[in-house]
Amino acid sequence: MLVTHRDDVLAGGASSPVRAGRRVGGDPFVCARGEGPYAYDAAGRRYVDYVMAYGPLLFGHTPSFLSDLDALAARGVVYGSTNPDEPALAGRIHAHVPSMRKLRFTTTGSEAVQSALRVARAFTGRDAIVKFAGNYHGHFDLALQDAGASAETGDAARSGIPPGAVAGMAVARYNDLDDVDRQLARAGDRLAAILVEPVCANMGLVEAVPGFLAGLRERADRRGALLIFDEIITWPRLGLGGAQARAGVVPDLTTIGKVMGGGFPIAAFGGRSDVMAVLAPDGPCFTGGTHAGMPFAAALALRVLDHLETRPELYAAMERHARALADGIRTTLRALELDYAVVQLESIVDFKFRPGPPTRSYDDQGRADQRAFAAFYHAMRERGILLPPSHNEVMFVSTAHGDAEIELTVAAIDASLRSLRARGVI
Ligand SMILES: Cc1ncc(COP(=O)(O)O)c(C=O)c1O
């Protein structure tokens, strides 16, 4: 049989919609190869990459611990049995994130959050969930209401998500405890859990204001409900203790993913022993998966922890580079008299085309100028810098980004913003 290549068979041109680049227009970026901090297109052109696969690549595209994968694969990559690396990995994660007393592995972050919500409902015997506009938790039904990142379910009636599936869901404004109280009142005594990104990186980079997370903790406790932190972007990007260690607020359940597999798909959910005891085979709540906790990915996750535990200086270097990037952006904005807030937390950097204080909620984010961002995206790409093609996303710095890449980027940002000014875009 003759096999012909067709480039119109991939639905929507991408396996995840943001990659199609519709938010910024133009030809979508097609990555043919990655190396260190660089992405290469099919023509071999090199770009400093700040997409970093939307978070997983804390060590860039080709970290040294990915060098002898043949040996790892030679053990077999998936068994369908528990393997020794799984409990070892669970124990190592627990040592860093003590609130994850018991945990279970999944393949993707979406599954981890979906599982955590089911566990919360099984444990409490209730069904209502309060989540936050602009937070993103994956592509399952419940998570997509008012979600940030690239979630596009605007036309709810045609989105394929039945109203019944989201009937128990209330969506509150991030950083607004008064609105949380309004949504909690709607949920009443049906509240199973409050689900939140403790630092949100899906409507730009948005930190919780002081007292917000503690306020959620106190409200969940008062109602006998659970607090779930989605740390799929933040652990271990913000440090081995994650966002919860920084905030000093302890959730009942936590979800992690992205960075933990060093680029391979593995994620987890976990928390209090009494809560996780609802899981089958001990309890009535089923979660599982063919590739969940597969030995190949679990071994890589152990390597990620080895790397971070033995080289704490990596965090300091990323922070220094991210700060230099943020300072460089601020210098150009000042020169152009643009009052946009530049935010940086550890290795995450972000600014939006909106004057005034940093984004606090999805309402703020809705006021950013998307047209200006699209022009900026293309101006940067022309200059060899790759940004995520959506203004809801952020710039991820990795351990592979060095002074040279940051200098190139700062220069490109300066030139790009000046070209936008000259064209009257900003
Ligand atoms: C905070 C957060 N939670 C969950 C997810 C879903 O993870 P995955 O894409 O691995 O299903 C994402 C993905 O971007 C995320 O940013």
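No value in this document is a laboratory result; all are computed from the given coordinates. Since the structure is predicted, the reported quantities are computational estimates derived from the model, not experimental observations. With ideal geometry, Cβ positions are generated from the backbone for all residues, glycine too; neighbour counts draw on all protein chains shown.
Rounded to the nearest 20 debye, the dipole size of the chain about its Cα centre is 440 debye, using +1 on the Cβ of Lys and Arg and -1 on the Cβ of Asp and Glu. Placing dummy labels 7 Å off each Cα toward the beta-carbon, the span from VAL78 to ARG45 is 3.7 nm. By the equivalent-ellipsoid construction on the alpha carbon gyration tensor, the chain comes out with semi-axes of 33, 27, 22 Å, ordered largest to smallest. Measuring nothing but how far apart in sequence close Cα pairs (under 8 Å, 6+ apart) lie, relative to its length, the stretch 66-310 scores a relative contact order of 30 percent.
Lys and Arg at +1, Asp and Glu at -1: add these up for the other residues within a Cβ distance under 13 Å of GLY366 and post the number. Present the calculation step by step, with values, prior to reporting the outcome.
Values: positive: ARG173, LYS352, ARG354, ARG360, ARG367; negative: ASP146, ASP363, ASP364, ASP369.
Net charge around GLY366: +1.
Go ahead and run the numbers for FRET between ARG311 and LEU69, Cβ-Cβ distance against an R0 of 22 Å, rounding to 0.05.
On the way: r = 20 Å, r/R0 = 0.93.
Between ARG311 and LEU69 the formula returns 0.60.
Secondary structure note: in the stretch 66-310, about 40% of the DSSP beta bridges are antiparallel.
Per residue, the convex hull around the alpha carbon atoms of the stretch 249-304 comes to 98 Å³. Extents of the stretch 347-400, taken as max minus min of Cα coordinates on every principal axis and listed largest first, are 32, 26, 15 Å.
With an 8 Å cut-off on Cα pairs and a minimum separation of 6 or more residues, tell me the relative contact order of the chain in percent. Don't jump to the answer; show the numbers that get you there.
Numbers: 798 pairs, mean separation 96.4, N = 426.
Rounded, it is 23 percent for the chain.
Using only the Cα atoms of the stretch 281-366, build the gyration tensor, take square roots of its eigenvalues as a ≥ b ≥ c, and label the shape rounded, prolate or oblate: rounded if a/c is under 1.5, else prolate if a/b is larger than b/c, else oblate. Oblate, because a/c is 1.5 or more while a/b does not exceed b/c.
Comparing ARG101, ARG222, ARG320 in a Gaussian network model of the chain where C-alpha atoms under 10 Å apart are linked, the largest mean-square fluctuation is found at ARG222.
For the stretch 66-310, what is one quarter of the convex hull surface built on the Cα atoms, given in nm²? The partial results should precede the final answer.
Values: hull surface 53.5 nm².
With the hull built on Cα positions only, its mean projection is 13.4 nm².
If you run the Gaussian network model on the chain, springs between alpha carbon atoms under 10 Å, then out of ALA149, ALA71, ALA415 the most flexible one is ALA71.
If you wrap the Cα atoms of the stretch 312-426 in a convex hull and average its projected area over all directions, you get 6.9 nm².
Counting only residues at least eight positions apart within a chain, or on another chain, there are no lysines with an alpha carbon under 21 Å from that of LYS352. Largest GNM mean-square fluctuation among ALA172, ALA411, ALA192, using the chain with Cα springs under 10 Å: ALA411.
Here LYS102 is the anchor, and the aspartates and glutamates within straight C-alpha reach of less than 19 Å, apart from those fewer than 8 places off in the same chain, are ASP85, GLU86, GLU111, ASP230, GLU231, ASP252, ASP274, ASP282.
Each DSSP beta bridge with both residues in the chain is either parallel or antiparallel, and the antiparallel ones are about 60%. With θ taken as phi - 60° and the Karplus curve 6.51 cos²θ - 1.76 cosθ + 1.60 applied, the whole-hertz 3J(HN,Hα) list for the stretch 264-271 is 9, x, 7, 9, 7, 10, x, x Hz, x standing for glycine and proline.
Full extension from ALA14 to ALA422: what is 0.36 nm times the residue separation minus their Cα-Cα distance, to one decimal in nm?
Working: separation 408, 0.36 × 408 = 146.88 nm, distance 3.38 nm.
Extra length available between ALA14 and ALA422 comes to 143.5 nm.
Once every Cα of the stretch 9-81 carries one equal point scatterer and solvent is ignored, give the base-10 log of I(q)/I(0) from the Debye formula at q = 0.13 Å⁻¹, two decimals. Log10 of I(q)/I(0), two decimals: -0.56.
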